[in-house]
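Here's a structure for you.
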Amino acid sequence: MKLTKQLFFVFAFVALLYSCKNETNQNNTTDSSTATENNSNENKGQAFIEDDGSTPNCLQIAISSPNHKTLVAAVQAAQVENALVNVGPLTVFAPTDEAFAALPEGTVENLVKPENKATLANILKYHVTPGNLSKSILKKLPKLGQANNQYIMVEVINGEPVIGGANIIASVKAGNGIVHVIDKVLLPPTE
């Protein structure tokens, strides 16, 4: 009888340990799956798929450029990465860091604040046009319909297209369209 009691206590103790271990594992699994879920909610969509074999998309071109750090930071702050990697084709007008620096002091810092995310997204979408529009095609168009549902005027000055007052200083073909590097930040008209 004494041995039976001892075995009972040993089994009860082992069962207690086992149940505590399971509870800890379940909590750890829940914690790690919650952390993974939180990370995946922040970085979802085509913008976060890595593919070394294809022609870089519009976003990848901007990220790899040493002259577009401010643009990339703005795109990330507004969380519009996926807009630049859509199948497209897209025409993206990419202002240089110098173009952002030419804005009034404090403008960029103010726009990247979380409370200004919608305004920043609207400005960034004003830099994107559906279609793969080379400079020769742009010269034939009087205006462009932008991704923010507004229009931007195109002028031809000295044989070159000028987009909303911005000069195209370089053009790079992308896997999902074309990136035109411009010397000015395009600001949508206020309604």
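For the stretch 62-85, what are the residues that are among the hydrophobic types (A, V, I, L, M, F, W, C) and assigned to a helix (DSSP H, G or I)?
A62, I63, L71, V72, A73, A74, V75, A77, A78, A83, L84
Run down V112, V85 and say which single residue is open to solvent by less than 40 Å² (accessible area, probe 1.4 Å), at pLDDT 55 or above and either over 17 Å from A170 (Cα atoms) or among the aliphatic types (A, V, I, L, M) (or both).
From the options V112, V85, the qualifying one is V85.
OK, next. If I filter the stretch 170-177 for residues that are more than 16 Å from L59 (Cβ to Cβ) and in contact with a helix residue (DSSP H, G or I) (Cβ under 8 Å, 6 or more places away or on another chain), do I get at least one hit?
Yes, the conditions are met somewhere in the stretch 170-177.
Oh, and also: Taking the stretch 172-187, which residues are in a loop (DSSP other than H, G, I, E, B) and modelled with pLDDT of 95 or more?
D183, K184, V185, L186, L187
Separate question: What tally of residues in the stretch 81-99 results from selecting those that are within 16 Å of the chain's Cα centre (by Cα) and among the charged types (D, E, K, R)?
Residues that pass the stated criteria total 1.
Sticking with this structure for a sec: Report, by residue number, each residue of the stretch 86-112 that is part of a loop (DSSP other than H, G, I, E, B) and without any contact (Cβ under 8 Å) to a residue 12 or more places away in the chain.
Within the stretch 86-112, P104, E105, G106 qualify.
The values are calculated or read from the model by the stated rules, or taken from the named source; none is laboratory data. In this text, all values refer to a predicted model and were calculated from it rather than measured experimentally. Please note: Cβ atoms are built from the backbone with ideal geometry, for glycine as well, and neighbour counts cover all protein chains shown. Just so you know, the surface numbers come from the protein's heavy atoms only, side chains and all, with ligands and any DNA or RNA stripped out. Shrake-Rupley method; radii C 1.70, N 1.55, O 1.52, S 1.80 Å.
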